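Trainee: The structure is given below, and queries will be raised subsequently.
The values are calculated or read from the model by the stated rules, or taken from the named source; none is laboratory data. Quick caveat: nothing in here was measured; it's all calculated off a predicted structure. Glycine also receives a Cβ, built like all others from the backbone with ideal geometry; neighbour counts cover every protein chain displayed. Remember, those area values only see protein heavy atoms, side chains included, never the ligands or the DNA or RNA. Shrake-Rupley method; radii C 1.70, N 1.55, O 1.52, S 1.80 Å.
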Amino acid sequence: MLNISDLHTSVDGSEILKGLTLEIPAGEVHAVMGPNGSGKSTLSHTIAGHGAYKVSAGAVTLDGDDLLGLEPNERAAKGLFLSFQHPMEIPGVQTMNFIRTALNSQRKARGEGEMSAAEFLKAIRVKAKLVGLDDSKIKRPFNVGFSGGEKKRMEMLQMAMFEPRFAIMDETDSGLDIDALKMVGEVVNTLRSPERGFLIITHYQRLLDYIKPDAVHVLAGGRIVKSGGADLAHELEKSGYDQFIEAA
Amino acid sequence: MSQSLLINPTAFEAGMIAAAQARAANGAAHQAAIDRFMRTGLPHRRMEGWRWSDFRAALRTERSSTIAVKAFPSSHFAGLNPIEIRIVNGVPNIHSDVDIEGLRIYSGKPAMAPEYLDGLPIVALNETMADSALAVIVEDGVAIERPILIRHIATSGAKFSQARVTLGKRSKARFIETYESSGGAFLSAVTHVSARAHAQVGRYVFQISDEASVLDGVFAVSLSEGVVFDQTGVALGAKLARLETHVLHADGASQARLSSAALLSGSSHADFTSRIYHAASKCTTRQKHKAVMTEKARGVFQGKFRVERAGQQTDAKMTANALLLSDEAEADHKPELEIYADDVECAHGSTTGALDEDALFYLRARGLDEQGARALLIEAFLADVFDDVTHDGVRGVFRECMEVWLGGVR
């Protein structure tokens, strides 16, 4: 599914990822945990294709297809989804119109037919309910005036609508209360399937109480420094990241 | 013949003065207007208020007509079933059969502009050069349901059009005005509206000239007590296009709302200049301007609120925001307040910026291609200008105009 090998990425001329290698097979959920500044967000933005993150070496493939040569929208059309740590507020852009335009752009790029307005409306109502956003929230300009938690719900709504093949969740748990964490868990667990993969990037173990990962990796100093099973997250919660910062 | 005060007139200015003098003089007022024009000649960059829009320079050279007219055919308005009047090369021509009680439309003699426009040289020139003036009268208490479409059209040379509109007490009318100059023409249009007590007037402006043309459209309205004046305009620019709006809150509390958008590409230039005079108490003004410039385009906004001593409890707010899509595009903003009353609430704000790169990435990560993402953000930036238009059909035409323009933006 998602293969990252020896990835080197710089931001503003300084190298953040220094040879990161990670393989997430289809059907699995992997968590990447790490201290602040270890390169977690750089990893997610590089995979999604943000222009400010320059790749100097390495490869990222999804089902064997190179991602790094693609535009961000082409990556989305291939089924890649990034749940942003800090989702944008976009005044003047109507939420439903935007999500429908995005969904149909992806479908068009894949050579699929557009989703009709009626179908779309039906689908978004069901999924908005799943993520706990009421009708009034999806009839407003995108994320405008939303709380941090509501913005994360909007990310989950988009993930549920797009049904991506591979989703990266960049600190989706930050700023969430218990109910919202449960909701995120529910959305991920609903979407979990043998064909789909997830990369959960987080600082804390608590989201993993709701989403049981198949593997946990520790990111420090721009590399994966340790990998293990779900227990590794609990271990980190107790012992902290210091040992890895020193090692890196 | 009076002494020319103009030293070194350009060929265009000399030609205009000669033509004005040669016309059958309409007496002293006509001569006074010629004298007013000759004090400065065409406005130029060393004159206050004209620094960024130099008509003398724009009209100095032979106007080329090689650039194609930007396509926004006026057929867009057909669906609104308007009462259509064309002023083609200065000559009013009523195109729709009009037999509406309380509405009179005819071609009359040109008239002098109101005094507060005296400082405008092109208005003075217009007074001496216009052959006729369109007159529209809406009688007291009459509401005209169909929009009145006034198209100012110039196809070659220098053309002067005039319109005078009188709106009776408690009358209601909506006007769509188009400024269409093409083929390198220079169009000067002067419109004066007098809105009597409690009239409701909507004005929707579309400036759709080509890139070789030069345009100066001056619109002045005086508002009596209880009048609600509502204006939205869009400019696609020209070699040089200036749309001036003068609003006089003349007596009693009245309301004015002005929204405008400039959508400029290539090397086009558009100038929105407005003067809102608050000469009566408890008047309200809301003004909003948005401009998007790409390539080498230039957008000018000069907005001035003047509050006279009599304008106590004026409530006036102005914002101007520009979005620059290229390094060579330019926005020149000059918001001004001139206040002589002591109990007023007046504010203005102005911003200039580029598209937010993080917002672009967000949209692209959701599947929109670069052009689609940019278009969506530009549309979002402009949205509230057009959202304010209360007439659904007219709002639709504004949106079409924006979409046509966005389709050509790279």
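Trainee: Name the residues in segment A:68-115 that are open to solvent by 30 Å² or more (accessible area, probe 1.4 Å), assigned to a helix (DSSP H, G or I) and either more than 8 Å from chain B (Cβ to nearest Cβ) or touching a Phe, Trp or Tyr at 6+ places or on another chain (Cβ under 7 Å) (or both), would you?
Mentor: Answer for segment A:68-115, where residues must be open to solvent by 30 Å² or more (accessible area, probe 1.4 Å), assigned to a helix (DSSP H, G or I) and either more than 8 Å from chain B (Cβ to nearest Cβ) or touching a Phe, Trp or Tyr at 6+ places or on another chain (Cβ under 7 Å) (or both): A:Glu74, A:Met96, A:Asn97, A:Arg100, A:Arg107, A:Lys108.
Trainee: Consider B:Gly119 against the criteria (1) assigned to a loop (DSSP other than H, G, I, E, B); (2) closer than 27 Å to B:Ala19 by Cβ; (3) touching a residue at least 12 places away in the same chain (Cβ under 8 Å): it satisfies all of them except one. Which criterion is unmet?
Mentor: Only one criterion in (1) assigned to a loop (DSSP other than H, G, I, E, B); (2) closer than 27 Å to B:Ala19 by Cβ; (3) touching a residue at least 12 places away in the same chain (Cβ under 8 Å) is unmet by B:Gly119, namely (3).
Trainee: Still on this model: Of the numbered conditions (1) of a type outside the set (Ser, Thr, Tyr); (2) more than 14 Å from chain B (Cβ to nearest Cβ); (3) on the phi > 0 side of the Ramachandran plot, A:Leu22 satisfies every one except a single condition; which is it?
Mentor: With respect to (1) of a type outside the set (Ser, Thr, Tyr); (2) more than 14 Å from chain B (Cβ to nearest Cβ); (3) on the phi > 0 side of the Ramachandran plot, A:Leu22 is out only on (3).
Trainee: Say whether the condition of being outside any loop (DSSP other than H, G, I, E, B) and surrounded by fewer than 18 Cβ atoms within 10 Å (Cβ to Cβ) is met by at least one residue in segment A:152-174.
Mentor: Of the residues in segment A:152-174, the ones outside any loop (DSSP other than H, G, I, E, B) are A:152-162, A:166-170.
When the remaining residues are screened for being surrounded by fewer than 18 Cβ atoms within 10 Å (Cβ to Cβ), the result is none.
No.
Trainee: Across segment A:56-67, which residue is farthest from A:Arg165 (Cα to Cα) among those that are in a loop (DSSP other than H, G, I, E, B) and open to solvent by 20 Å² or more (accessible area, probe 1.4 Å)?
Mentor: Step one: of segment A:56-67, the residues in a loop (DSSP other than H, G, I, E, B) are A:63-64, A:67.
The next check asks that each one be open to solvent by 20 Å² or more (accessible area, probe 1.4 Å); those that pass are A:63-64.
On the way: A:Asp63: 10, A:Gly64: 13 Å.
Restricting to residues being in a loop (DSSP other than H, G, I, E, B) and open to solvent by 20 Å² or more (accessible area, probe 1.4 Å), the top hit is A:Gly64.
Trainee: Could you list, in sequence order, all residues of segment A:116-151 that are open to solvent by 20 Å² or more (accessible area, probe 1.4 Å) and either in a loop (DSSP other than H, G, I, E, B) or modelled with pLDDT of 95 or more (or both)?
Mentor: Answer for segment A:116-151, where residues must be open to solvent by 20 Å² or more (accessible area, probe 1.4 Å) and either in a loop (DSSP other than H, G, I, E, B) or modelled with pLDDT of 95 or more (or both): A:Ser116, A:Gly132, A:Asp134, A:Lys139, A:Arg140, A:Val144, A:Gly145, A:Ser147.
Trainee: Another question about this same structure. Name the residues in segment A:36-67 that are on the phi > 0 side of the Ramachandran plot and facing chain B (nearest Cβ under 10 Å), would you?
Mentor: We begin by selecting, within segment A:36-67, every residue on the phi > 0 side of the Ramachandran plot; these are A:37, A:39, A:49, A:58, A:63-64.
Residue satisfying the conditions is A:Gly49 alone.
Trainee: Continuing with the same structure: For segment B:345-384, which residues satisfy the criterion of being in contact (Cβ under 8 Å) with a residue 40 or more places away in the chain and hydrophobic (A, V, I, L, M, F, W, C)?
Mentor: If the condition is that a residue be in contact (Cβ under 8 Å) with a residue 40 or more places away in the chain and hydrophobic (A, V, I, L, M, F, W, C), then B:Cys346, B:Ile378, B:Phe381, B:Leu382 are the ones that fit.
Trainee: Of everything in segment A:187-236, what is of a type in the set (A, V, I, L, M) and assigned to a helix (DSSP H, G or I)? Give them in sequence order.
Mentor: A:Val187, A:Val188, A:Leu191, A:Leu207, A:Leu208, A:Leu232, A:Ala233, A:Leu236, listed by residue number.
Trainee: Any chance you could count how many residues in segment B:46-62 are acidic (Asp, Glu) and either modelled with pLDDT under 90 or surrounded by fewer than 18 Cβ atoms within 10 Å (Cβ to Cβ) (or both)? Explain how you work it out, then say what you get.
Mentor: Just the residues of segment B:46-62 that are acidic (Asp, Glu), to begin with: B:48, B:54, B:62.
Now narrow it down to the ones that are either modelled with pLDDT under 90 or surrounded by fewer than 18 Cβ atoms within 10 Å (Cβ to Cβ) (or both): B:48, B:62.
Number satisfying all stated conditions: 2.
Trainee: Moving on to the next point. Pick from A:Arg192, A:Arg125: which is more than 16 Å from the chain's Cα centre (by Cα) and of a type in the set (Lys, Arg)? Break it down stepwise before answering.
Mentor: On the way: A:Arg192 fails: more than 16 Å from the chain's Cα centre (by Cα).
When all the criteria are applied, what remains is A:Arg125.
Yes/no per residue for (1) within 14 Å of another protein chain (Cβ to nearest Cβ); (2) within 28 Å of A:Lys78 (Cα to Cα):
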{"position": "B:Ile339", "(1), (2)": "no, no"}
{"position": "B:Gly353", "(1), (2)": "yes, no"}
{"position": "B:Arg364", "(1), (2)": "yes, yes"}
{"position": "B:Leu368", "(1), (2)": "yes, yes"}
{"position": "B:Thr390", "(1), (2)": "no, no"}
{"position": "B:Val409", "(1), (2)": "no, yes"}
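Trainee: In segment B:261-281, what residues are open to solvent by less than 10 Å² (accessible area, probe 1.4 Å) and in a strand (DSSP E or B)?
Mentor: B:Ala261, B:Ala262, B:Leu263, B:Leu264, B:Ala270, B:Asp271, B:Thr273, B:Ser274, B:Ile276, B:His278
Trainee: Scan segment B:326-334 and give yes if some residue there is touching a strand residue (DSSP E or B) at 6+ places or on another chain (Cβ under 9 Å), among the polar types (S, T, N, Q) and surrounded by 14 or more Cβ atoms within 10 Å (Cβ to Cβ), otherwise no.
Mentor: Yes, segment B:326-334 contains a residue that is touching a strand residue (DSSP E or B) at 6+ places or on another chain (Cβ under 9 Å), among the polar types (S, T, N, Q) and surrounded by 14 or more Cβ atoms within 10 Å (Cβ to Cβ).
Trainee: Then there's this: Can you tell me which condition B:Ala380 does not meet? The list is (1) more than 7 Å from every other protein chain (Cβ to nearest Cβ); (2) touching a strand residue (DSSP E or B) at 6+ places or on another chain (Cβ under 8 Å); (3) surrounded by fewer than 21 Cβ atoms within 10 Å (Cβ to Cβ), and all the others hold.
Mentor: (1)
Trainee: Right, something else. Is there any pair linking a residue in segment A:132-158 that is away from every other protein chain (no Cβ under 14 Å) and of a type outside the set (A, V, I, L, M, F, W, C) to one that is assigned to a helix (DSSP H, G or I) and crowded, with 18+ Cβ neighbours inside 10 Å, with Cβ under 6 Å and at least six apart or on different chains, and which?
Mentor: Cβ pairs passing all conditions: A:Gly132/A:Arg153; A:Gly132/A:Met183; A:Gly149/A:Ala180; A:Arg153/A:Val131.
Trainee: Also, I was wondering about something else. Going by the conditions given, is A:Thr46 touching a residue at least 60 places away in the same chain (Cβ under 8 Å) and hydroxyl-bearing (Ser, Thr, Tyr)?
Mentor: Details: touching a residue at least 60 places away in the same chain (Cβ under 8 Å): no; hydroxyl-bearing (Ser, Thr, Tyr): yes.
It is false that A:Thr46 is touching a residue at least 60 places away in the same chain (Cβ under 8 Å) and hydroxyl-bearing (Ser, Thr, Tyr).
Trainee: If you take the residues of segment B:8-27 that are at pLDDT 80 or above and among the aliphatic types (A, V, I, L, M), which of them is surrounded by the fewest Cβ atoms within 10 Å (Cβ to Cβ)?
Mentor: Of everything passing the filter in segment B:8-27, B:Ala22 is surrounded by the fewest Cβ atoms within 10 Å (Cβ to Cβ).
Trainee: Then there's this: How about segment A:191-206: which of its residues are at pLDDT below 90 and either in contact with a helix residue (DSSP H, G or I) (Cβ under 6 Å, 6 or more places away or on another chain) or open to solvent by 10 Å² or more (accessible area, probe 1.4 Å) (or both)?
Mentor: Going through segment A:191-206, the residues at pLDDT below 90 turn out to be A:202-206.
Once the filter is applied, which keeps residues that are at pLDDT below 90 and either in contact with a helix residue (DSSP H, G or I) (Cβ under 6 Å, 6 or more places away or on another chain) or open to solvent by 10 Å² or more (accessible area, probe 1.4 Å) (or both), segment A:191-206 yields A:His203, A:Tyr204, A:Gln205, A:Arg206.
Trainee: Look at B:Arg170 and say whether it is at pLDDT 95 or above and in a strand (DSSP E or B). Break it down into steps so the answer makes sense when it comes.
Mentor: On the way: at pLDDT 95 or above: yes; in a strand (DSSP E or B): no.
The answer is no for B:Arg170.
Trainee: Ok, one more. Count, please, the residues in segment B:143-172 that happen to be surrounded by fewer than 19 Cβ atoms within 10 Å (Cβ to Cβ) and β-branched (Val, Ile, Thr).
Mentor: So the answer is 2.
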